[in-house]
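Just below is one structure, and these are the notes that go with it.
The values are calculated or read from the model by the stated rules, or taken from the named source; none is laboratory data. Note that this is a predicted model, so its numbers are computed, not measured. Backbone-built Cβ (ideal geometry, glycine too); neighbour counts: all protein chains shown.
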Amino acid sequence: MSRNKSTLMKSRLGKAAKANRRIPLFVMAKTARHVTQNLRKRHWRSKKLKLKERNFEVCRTSGSGNDVYHVRQKAMRSKKPKLK
């Protein structure tokens, strides 16, 4: 992936990295070892994340001395049905 990432992409990658870990030991103790694995654990090589950055844009609004960034979804073009 490129070196220049948007803040939206960085936050999504960070969230996926935090979620990709084993379950805590207190959960195993609390459930009497009924829950022992994290079923959503992912290996970096075999299962890839489905992240797309092209559907979002970062908009900058300058207020009173502070720049505020908003992330909004781009307007998707609707496909017109073909007339026969």
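Could you tell me whether the stretch 42-56 includes any residue that is of a type in the set (Phe, Trp, Tyr) and at pLDDT below 90? Yes: one or more hits. If you filter the stretch 17-36 down to residues that are of a type in the set (Lys, Arg) and in a loop (DSSP other than H, G, I, E, B), you find that the one that is farthest from the chain's Cα centre (by Cα) is Arg33. Is there any pair with a first residue in the stretch 10-24 that is of a type in the set (Gly, Ala, Ser) and a second that is modelled with pLDDT under 95 whose Cβ atoms are under 6 Å apart and which are 6 or more apart or on different chains, and what are they? Filtered contacts from the stretch 10-24: Ala16/Leu49.
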